[in-house]
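Chemist: Please see the structure below; I have some questions.
The values are calculated or read from the model by the stated rules, or taken from the named source; none is laboratory data. Remember, it's a predicted structure, so these values are computed and weren't measured experimentally. Cβ atoms come from the backbone with ideal geometry, glycine included; neighbour counts cover every protein chain shown. Just so you know, the surface numbers come from the protein's heavy atoms only, side chains and all, with ligands and any DNA or RNA stripped out. Shrake-Rupley method; radii C 1.70, N 1.55, O 1.52, S 1.80 Å.
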Amino acid sequence: QIIRGNSAFLRRQRGIKKHFSREPLNLKGINSQNYNGLVNPRAVGVELAEDKKSVVVTVRKAGKQSTPANSTASTIVKRGGARGSIKSVRGLVKGKNGRFAKLAARRASQLLRSVKRAAKIAKKSA
């Protein structure tokens with residue numbers, strides 16, 4: 001209730017009634033209690049690793065909400081083919097929060113596809 005209307009992560013756009021959020025553990029990017037990475041005790045986040053070839057899956061630990069520095073655990077999923085890494089993400093998240101397994105796999109797929117497109121565009125322009 002406290003951060004629903006005011007948060008540093010909120011993004012509003014003119015003409016769109018839905019508010020977006022840039023929280024680290026928000027899979028959909030929507031400002032909703034279901035997907036909120038700050039409030040949800042079993043939050044899951046998927047990001048691109050620094051090498052841009054693998055995916056980092058971050059999961060909130062149970063019972064560690066009072067210590068934010070120790071409340072998350074990150075796992076790097078190497079890219080052994082796009083399908084293999086997406087299946088790994090889905091399996092990893094399914095063990096922690098089954099409701100977000102398919103959503104996390106979709107997010108990982110989007111991230112890996114965006115890197116592939118960027119490389120193709122760079123290759124064409126060079």
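Chemist: Anything in region 29-57 that is open to solvent by 20 Å² or more (accessible area, probe 1.4 Å), out of contact with any helix residue (DSSP H, G or I) (no Cβ under 7 Å at 6 or more places or on another chain) and under 17 Å from residue 105 (Cβ atoms)? List them, or say none.
Modeler: Correct list: 35, 47, 56.
Chemist: If the requirement is being of a type in the set (A, V, I, L, M, F, W, C) and at pLDDT 85 or above, which of these qualifies: 62, 49, 8?
Modeler: The unique qualifying residue is 49.
Chemist: Restricting to region 86-102, count the residues that are assigned to a helix (DSSP H, G or I), closer than 15 Å to residue 26 by Cα and open to solvent by less than 30 Å² (accessible area, probe 1.4 Å).
Modeler: Selection size over region 86-102: 3.
Chemist: Regarding region 85-92, can at least one residue be identified that is out of contact with any Leu (no Cβ under 9 Å at 6 or more places or on another chain) and of a type in the set (Gly, Ala, Ser)?
Modeler: At the first step, the residues of region 85-92 found to be out of contact with any Leu (no Cβ under 9 Å at 6 or more places or on another chain) are 87-92.
The next check asks that each one be of a type in the set (Gly, Ala, Ser); those that pass are 88, 91.
There is at least one residue in region 85-92 that is out of contact with any Leu (no Cβ under 9 Å at 6 or more places or on another chain) and of a type in the set (Gly, Ala, Ser).
Chemist: Of the residues 83, 106, only one is modelled with pLDDT of 85 or more and open to solvent by 30 Å² or more (accessible area, probe 1.4 Å); which? Working first, answer last.
Modeler: Numbers: 83 fails: modelled with pLDDT of 85 or more.
It is 106.
Chemist: Let me ask you something else. Output the residues belonging to region 15-72 that are touching a residue at least 24 places away in the same chain (Cβ under 8 Å), part of a loop (DSSP other than H, G, I, E, B), touching a Gly at 6+ places or on another chain (Cβ under 9 Å) and within 19 Å of residue 114 (Cβ to Cβ).
Modeler: Of everything in region 15-72, those that are touching a residue at least 24 places away in the same chain (Cβ under 8 Å), part of a loop (DSSP other than H, G, I, E, B), touching a Gly at 6+ places or on another chain (Cβ under 9 Å) and within 19 Å of residue 114 (Cβ to Cβ) turn out to be 24, 27.
Chemist: When you scan region 32-69, how many residues do you find that are among the hydroxyl-bearing types (Ser, Thr, Tyr), assigned by the TED database to the domain that holds residue 106 and under 18 Å from residue 101 (Cβ atoms)? It would help to see each step written out before you state the result.
Modeler: Filtering region 32-69 down to residues among the hydroxyl-bearing types (Ser, Thr, Tyr) leaves 32, 35, 54, 58, 66-67.
Imposing the further condition that a residue be assigned by the TED database to the domain that holds residue 106 reduces the set to 54, 58, 66-67.
Then keep just the ones that are under 18 Å from residue 101 (Cβ atoms); that gives 58.
Of the residues in region 32-69, 1 are among the hydroxyl-bearing types (Ser, Thr, Tyr), assigned by the TED database to the domain that holds residue 106 and under 18 Å from residue 101 (Cβ atoms).
Chemist: Then there is this: Just one of the numbered conditions (1) at pLDDT below 80; (2) assigned by the TED database to the domain that holds residue 115; (3) at positive phi is not true of residue 29; which one?
Modeler: (2)
Chemist: Now a separate question. For region 112-126, which residues satisfy the criterion of being of a type outside the set (S, T, N, Q) and surrounded by fewer than 18 Cβ atoms within 10 Å (Cβ to Cβ)?
Modeler: Step one: list which residues in region 112-126 are of a type outside the set (S, T, N, Q), which gives 112-113, 115-124, 126.
Across region 112-126, the qualifying residues are 113, 115, 116, 117, 118, 119, 120, 121, 122, 123, 124, 126.
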